[in-house]
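Quick one: the structure is below, and I'll ask about it shortly.
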Amino acid sequence: MIRTISIPYYTSSMDLHVEEKNLKTVITAKTEDYVPEKSPKELIEDALEHPKLSELAKGKNKVVLVTSDHTRAVPSRLTLPILLKEIRKGNPDADIIILIATGLHRETTEEEQRRMFGDDIVDHEKISVNHAFQNE
């Protein structure tokens, strides 16, 4: 007998078909049922309390924020504005570059960046995309 398991993939999901004899168990997250006590913004801000990013940024001329690429479900649209605000709170003149860490994936397109980060960040921040297959 074949069992079909829906696996999260990119922005949707895909079905995985496995014979029951080869399947021990399926562990799933209950993210749809989870109700956090705080908003996503509050959770991010709480996570940045120790150490204070604004304190770490003091006296630093260059700052690189490394973020995931288009293949990961990271809430960069929420996290990046908070991170940028905290860094600039500690050092308004810091030269900040957002590095998209592609690993061995293809480059993240501008359209994907806009979906991931929002237009404001793409239009006003320095963004560098890792070129995994470039031999320089």
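The values are calculated or read from the model by the stated rules, or taken from the named source; none is laboratory data. Being a predicted model, the structure only gives us computed values, none of them experimental. Virtual Cβ from ideal backbone geometry, glycine too; neighbours counted across all protein chains shown. When the accessible area is computed, the model is the full protein with side chains, heavy atoms only, and any ligands, DNA or RNA have been set aside. Shrake-Rupley method; radii C 1.70, N 1.55, O 1.52, S 1.80 Å.
Select from the stretch 7-52 the residues that are of a type outside the set (Asp, Glu), at pLDDT 90 or above, within 27 Å of residue 112 (Cα to Cα) and within 23 Å of the chain's Cα centre (by Cα) and list them in ascending order.
Of everything in the stretch 7-52, those that are of a type outside the set (Asp, Glu), at pLDDT 90 or above, within 27 Å of residue 112 (Cα to Cα) and within 23 Å of the chain's Cα centre (by Cα) turn out to be 14, 39.
Filter the stretch 126-136 down to the residues that are loosely packed, with under 15 Cβ neighbours inside 10 Å and within 19 Å of residue 61 (Cα to Cα), then identify the one that is modelled with the highest pLDDT.
This residue is 126.
In addition: Starting from the stretch 103-118, keep only residues that are closer than 10 Å to residue 130 by Cβ, then list their pairs with residues that are open to solvent by 20 Å² or more (accessible area, probe 1.4 Å) and assigned to a helix (DSSP H, G or I) whose Cβ atoms are within a distance under 8 Å, requiring at least 6 positions of separation or different chains.
So the pair list comes out as 108/116.
Which members of the stretch 10-46 meet the condition of being among the aliphatic types (A, V, I, L, M) and within 20 Å of residue 78 (Cα to Cα)?
Scanning the stretch 10-46 gives 35, 43, 44.
Moving to a separate point now. Select the strands (runs of 3 or more DSSP E) contained entirely in the stretch 1-119, then report the ones holding at least 2 residues which are open to solvent by less than 90 Å² (accessible area, probe 1.4 Å) and touching a helix residue (DSSP H, G or I) at 6+ places or on another chain (Cβ under 9 Å).
Strands (runs of 3 or more DSSP E) meeting the threshold: 62-68, 95-101.
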